[in-house]
There are 4 protein chains.
Amino acid sequence: MVIVMHHKASEAEIEAVVKRIESAGYRAHLSRGVERTIIGAIGDETLLGDAGIELLPGVDKVIPIMAPYKLASRVMKAEGTVITVGDVTIGGDTIQVMAGPCAVESKEQLFEVAEKVRAAGARILRGGAYKPRTSPYSFQGLAEKGLQLLAETRERYGLLIVTEVMDVRTLPLVAEYADIIQIGTRNMQNFYLLREVGRYSKPVLLKRGLSATIEEWLMAAEYILNEGNQNVILCERGIRSFETFTRNTLDLSAVPIVKYLSHLPVVVDPSHGIGKYRFVPPMALAAVAAGADGLLIEVHPNPAEALCDGAQSLTPKKFGKTMVQLAQIAQAVGRRV
Amino acid sequence: MVIVMHHKASEAEIEAVVKRIESAGYRAHLSRGVERTIIGAIGDETLLGDAGIELLPGVDKVIPIMAPYKLASRVMKAEGTVITVGDVTIGGDTIQVMAGPCAVESKEQLFEVAEKVRAAGARILRGGAYKPRTSPYSFQGLAEKGLQLLAETRERYGLLIVTEVMDVRTLPLVAEYADIIQIGTRNMQNFYLLREVGRYSKPVLLKRGLSATIEEWLMAAEYILNEGNQNVILCERGIRSFETFTRNTLDLSAVPIVKYLSHLPVVVDPSHGIGKYRFVPPMALAAVAAGADGLLIEVHPNPAEALCDGAQSLTPKKFGKTMVQLAQIAQAVGRRV
Amino acid sequence: MVIVMHHKASEAEIEAVVKRIESAGYRAHLSRGVERTIIGAIGDETLLGDAGIELLPGVDKVIPIMAPYKLASRVMKAEGTVITVGDVTIGGDTIQVMAGPCAVESKEQLFEVAEKVRAAGARILRGGAYKPRTSPYSFQGLAEKGLQLLAETRERYGLLIVTEVMDVRTLPLVAEYADIIQIGTRNMQNFYLLREVGRYSKPVLLKRGLSATIEEWLMAAEYILNEGNQNVILCERGIRSFETFTRNTLDLSAVPIVKYLSHLPVVVDPSHGIGKYRFVPPMALAAVAAGADGLLIEVHPNPAEALCDGAQSLTPKKFGKTMVQLAQIAQAVGRRV
Amino acid sequence: MVIVMHHKASEAEIEAVVKRIESAGYRAHLSRGVERTIIGAIGDETLLGDAGIELLPGVDKVIPIMAPYKLASRVMKAEGTVITVGDVTIGGDTIQVMAGPCAVESKEQLFEVAEKVRAAGARILRGGAYKPRTSPYSFQGLAEKGLQLLAETRERYGLLIVTEVMDVRTLPLVAEYADIIQIGTRNMQNFYLLREVGRYSKPVLLKRGLSATIEEWLMAAEYILNEGNQNVILCERGIRSFETFTRNTLDLSAVPIVKYLSHLPVVVDPSHGIGKYRFVPPMALAAVAAGADGLLIEVHPNPAEALCDGAQSLTPKKFGKTMVQLAQIAQAVGRRV
């Protein structure tokens, strides 16, 4: 932490800041410039906090210099984390594609999608049983019935299941059925839910909040890691910007940045990121080229009849074609699908 | 809902869209232009949804034209809602100021603030017992102990209490202690929590999400109203923009807009909106000039020692001075504090 | 400037950074923490720059700590600048309202507006002769003919004129006619134009760029000040955010912040900030409550027939009513209209 | 254009709107719903404008439905435009990489970069002689001297030149030297400059404005096309969002979207988009995977000594390595570098 004093700060004010720094557990280090004095506070910012220094007389500003996360940081753990789910790994050489409908609607729908995404090479099935919807009048998901259908599909088609939990009360149920527990974008800072999934050992797919900085996203992961669950998969799914043509603005630069700052694997959801099926395949290719460890792609047997997010869903046929292209991009960056 | 067809859409494609519209419960209405055909879908969009029309062949885009909320809309209820809490009203001629610390820290702290904000004219005390914090290493609040201190302070100083609920499991407890239940910005789309508070009759203060449009905010209110709780108070508290000097960008234009679109009262939290105490008083004045029904202002006896958000807290003295100015602005717009 | 070294930086790397700092004209100051070494570079960042230090081996990040502007800063000039234009002042006790149509359309239009805004108390007439339009097919302004009409109106109604310059080639002409030269939001970083108006002595109204931070805005002012023109008036006119209900997001917090960081006067344009006439009066009141030194308000005798921006223009009648309310708010904050 | 009437609009108000629509040159088409009447205005919105209809009594809102650009639209021209510059083409099968320093600094610097980027396979050299800088105290470019050095380098190394024009007055000079004239992000809506380059036949590289929507960007291209210059290359270079870790947020989804909406070629500048050299290679690969027709990449022989933007420049060695990977990605999407 660096404290920049006002250009008119008095000696007494400087001394008071030093005293406060030291009483908070930091060591103080002064640099006297021609115009201003700067004070370094040396110690663990993550634990010691800012000690209210910004409000002391004569202080102009306080600049944090350490990342506020520890467990999620590559400084803490240099090698990348590889997460094992069933017989697949996330974060290794193989790019994992999690495909399926936005919402679980029926056994027929789920079986049809499962069969086709499996045939195209996907190993993980996505599908929501609990759906966060902007409107209370929209379809809210099949709840436990949806989870059962997912389990049935898993058994029949040999796919792993990723599905969203929205509520601490249904977490035990979701955790029972899911292979990977998804925390959605609207719950990225639902700290009670983060803590609760942190007490499980099942992998957690943590979506980036709609307006979360990369740092805030890693802090949300820190909540989970801090409870003991080390299996966190980060998922970029578009941030909110001023552009209205797309549903969100897919921030692919988050992929190499997260891999630089953190040891956790990162996957990309181009379906939510763009919101229009037409642009999902090129952005899926771009995600892999940028270094993503996996993808979430919405696939529906008949998008125009989907109860949720049809506009961003691929047909199984388009998905199959995309998988072929993905394999070529993966190869170009030294990986495989 | 208006459907714009591609400039090359065939007659068969147009007919298929009309058929789909009608089977979804809408009436269809065609307008054939020189370049394109436009189809109006007449009916209740809120309930009928978009019926997957965007994905039908020949469709260029689908434009919704009705607001997706009903119960929150001024179309539904022309006169403004006035909410009664204890012996005060929110939404009437009197501007209610909710003042107090970010977090409840101790009895001494709370009593001191309560005495002073009461003396300055505030009727409602704010203070968090459960605190949403970006870092798992920050102070998380006193929990039930904090609620008890709030209740003790209420009894002693005759103030009403507004305090935040973060979790469905602690809602019964919070609802027992609070006069107004606060839903924080990170939980604006925690739909399970919204539904649960909707089953209480106690007033709910619903903060705008960090990147929520006004429409999404009103949709969140709709979740609460739809469960039966009509006592929703909206609270603008700053949105996320590219500007980094302020903690958030306080969107005061939301005040007259919400009052135009909705019958619900709206208050402003300049403390979180700006994040620096120095700029809180002018923005509090501006909020009232813009038509706000109330304010949330953070006040701490010693901001430099605060366990949370000291940088944006006013001292009791500065708060008292601000109240005097607020009274003058209120009078200039035909209201009182 | 503070240089944070990587946690694994070697002694040789630290020494190389110190050497570079010193050869760039700074003094270096080391603070060795347990985990990292931090190096302060003491000197004038504005002039010395960053010297490429971020790219030296072992450097984690470089944090600037001084504001990059000097002439615009309150550190440089503690008392607020009051600008005199004809017989009015901007930045003093009186709030100046600049009212008139978006675009000059005809003598009749201009005379009617001028008469009415004068009667309501405005002393400065706004009106564009050169119009920046998103579409090449929209009305682009009357050019010199428009300037002549403005001059005629000035003579007849005793109002001062503020009008926009878009091009260095027409600047001499605009400067001949205008009392205040306006630089529009799209030209805030048209550095050649900034330099050219900096060589005049006429006041310049510098609008904030659509996505300019407050710091970048003050840097644009610095370009003008640095050429010798000290008469810069800053104008907040809305920034771009994700909210689509309003044309822009009016950032009123910029008002007290600019007055804190800089000695320059600041005015607000609620018409462009909101884009819908209905919400202009409350936001004009809020701007004055927040401390603005003046306002730009679009007024048109018949907004529905306006060639430009009718949707955000007030009728003369509504403008008159707003001026009465503004006087009350001004009085409440110790000023007058 | 669709006009949505208020739910309480009277018959007389509806008739007045119809009359206004017709007098503006549109045909009107009514759809009467249960709650509201909707009126379609059929005709060319680009030319007829909105006719002030939003302000007529009884009108709730006006929704444009046609794209406001024509010449830039794929509706107008279905096949993609391929631009020929010297012996290279932009928009065809070959991905063109434009590489070089941010600013031209000296002959030695330019010759060294030119030799190395040529050897790595680039055919176009980038380099600024006129530099837009946020601070008036930063290096502003070598001006005509810089153009001469670019010309000398072209002759010696057989590379084409792309360089920025910032001012209408220096345009003739820049156009004399450049093979491709660059319009920078800050000038995307400098309409006078757009019109002037529109009168040349040389290709124009038009960077997206920092907060420009894709539609506004295409409208800026429309200004150029409308003057007769059909050789417009669009360049995505990052937009402004709330994320502060990167200089800008590179919006790669703009690539497939622009190619869908427009026939113009689109290239990507990952150097400005990210601002940190480390993340430039993965984002360059991602851009090509997303369908970009080319890249702008900053390369400097010694980034730590660069007078401008060293932090985002690749060394020639890293650039060479990136070119090899780009060739593999290009092949995977059926193209070549």
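The values are calculated or read from the model by the stated rules, or taken from the named source; none is laboratory data. Because the structure is a prediction, the values reported are computed rather than measured. Reconstructed Cβ throughout: ideal geometry from the backbone, glycine too, with neighbour counts over all protein chains shown.
A few notes on this one:
- Residue that is nearest to B:Gly275 (Cα to Cα) [pool: residues in the stretch B:82-119 that are in a loop (DSSP other than H, G, I, E, B) and touching a helix residue (DSSP H, G or I) at 6+ places or on another chain (Cβ under 7 Å)]: B:Pro101
- When the stretch B:122-133 is filtered for residues that are surrounded by 19 or more Cβ atoms within 10 Å (Cβ to Cβ), in a loop (DSSP other than H, G, I, E, B) and touching a helix residue (DSSP H, G or I) at 6+ places or on another chain (Cβ under 8 Å), the ones remaining, listed by number, are B:Ala122, B:Gly127, B:Ala129, B:Tyr130.
- Checked against (1) acidic (Asp, Glu); (2) more than 14 Å from chain D (Cβ to nearest Cβ); (3) without any contact (Cβ under 8 Å) to a residue 40 or more places away in the chain, B:Glu105 passes all but a single condition, namely (3).
- Of the numbered criteria (1) at the interface with another protein chain (Cβ under 8 Å from one of its Cβ atoms); (2) crowded, with 24+ Cβ neighbours inside 10 Å; (3) closer than 24 Å to D:Thr94 by Cα, the one D:Leu264 fails is (1).
- Against the conditions (1) at the interface with another protein chain (Cβ under 10 Å from one of its Cβ atoms); (2) within 26 Å of D:Arg123 (Cβ to Cβ), D:Val174 satisfies every one except (1).
- Pick from the stretch A:23-32, criterion of a type outside the set (A, V, I, L, M, F, W, C) and not in a helix (DSSP H, G or I), ranking: farthest from the other protein chains (Cβ to nearest Cβ): A:Gly25
- Residue among A:Arg195, A:Arg169, A:Arg156 that is over 21 Å from A:Val268 (Cβ atoms) and more than 9 Å from chain B (Cβ to nearest Cβ): A:Arg156
Conditions (1) closer than 30 Å to C:Lys8 by Cα; (2) at pLDDT below 95, marked per residue:
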site: A:Met66; (1), (2): yes, yes
site: A:Gly91; (1), (2): yes, no
site: A:Ala99; (1), (2): no, no
site: A:Ala119; (1), (2): no, no
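- Some residue of the stretch B:284-305 being farther than 26 Å from A:Leu55 by Cβ, facing another protein chain (nearest Cβ under 8 Å) and part of a loop (DSSP other than H, G, I, E, B): yes
- Test for D:Gly273: is it at the interface with another protein chain (Cβ under 9 Å from one of its Cβ atoms), part of a loop (DSSP other than H, G, I, E, B) and touching a residue at least 24 places away in the same chain (Cβ under 8 Å): no
- Looking across the stretch A:76-95, the residues that are hydrophobic (A, V, I, L, M, F, W, C) and more than 17 Å from the chain's Cα centre (by Cα) come down to A:Met76, A:Ala78, A:Val85, A:Val88.
- Of everything in the stretch A:198-214 that is among the charged types (D, E, K, R) and buried (at least 24 other Cβ atoms within 10 Å of the Cβ), the residue that is nearest to the other protein chains (Cβ to nearest Cβ) is A:Arg208.
- Enumeration of residues in the stretch A:33-46 that are free of Cβ contacts under 8 Å to residues at least 12 places away in the same chain and either over 16 Å from C:Ala28 (Cβ atoms) or exposed (fewer than 15 other Cβ atoms within 10 Å of the Cβ) (or both): A:Val34
- Residues being under 26 Å from C:Ser211 (Cα atoms), surrounded by fewer than 24 Cβ atoms within 10 Å (Cβ to Cβ) and out of contact with any helix residue (DSSP H, G or I) (no Cβ under 6 Å at 6 or more places or on another chain) are represented in the stretch A:215-237 by at least one member.
- Taken over the stretch B:140-156, residues that are surrounded by fewer than 19 Cβ atoms within 10 Å (Cβ to Cβ) and either under 20 Å from B:Leu314 (Cα atoms) or within 18 Å of the chain's Cα centre (by Cα) (or both) amount to 0.
- Residue that is nearest to B:Cys308 (Cα to Cα) [pool: residues in the stretch A:33-81 that are in a strand (DSSP E or B) and more than 8 Å from every other protein chain (Cβ to nearest Cβ)]: A:Val62
- Within the stretch D:277-321, the set of residues being aliphatic (A, V, I, L, M) and under 21 Å from C:Glu13 (Cα atoms) comprises D:Ala304, D:Ala306, D:Ala311, D:Leu314.
- Within the stretch B:306-321, tally of residues that are crowded, with 20+ Cβ neighbours inside 10 Å and either within 12 Å of another protein chain (Cβ to nearest Cβ) or not in a helix (DSSP H, G or I) (or both): 9
- Counted residues, the stretch A:1-20 - those being under 25 Å from B:Pro301 (Cα atoms), out of contact with any helix residue (DSSP H, G or I) (no Cβ under 7 Å at 6 or more places or on another chain) and in a helix (DSSP H, G or I): 7
- Positions within the stretch A:71-88 being surrounded by 14 or more Cβ atoms within 10 Å (Cβ to Cβ) and within 18 Å of A:Tyr223 (Cβ to Cβ), in sequence order: A:Leu71, A:Ala72, A:Ser73, A:Lys77, A:Thr81, A:Ile83
- Some residue of the stretch A:239-251 being crowded, with 24+ Cβ neighbours inside 10 Å, of a type in the set (Phe, Trp, Tyr) and either over 21 Å from A:Trp217 (Cα atoms) or within 14 Å of chain D (Cβ to nearest Cβ) (or both): no
- Options B:Pro282, B:Pro256: the member that is surrounded by fewer than 24 Cβ atoms within 10 Å (Cβ to Cβ) and at pLDDT 95 or above: B:Pro256
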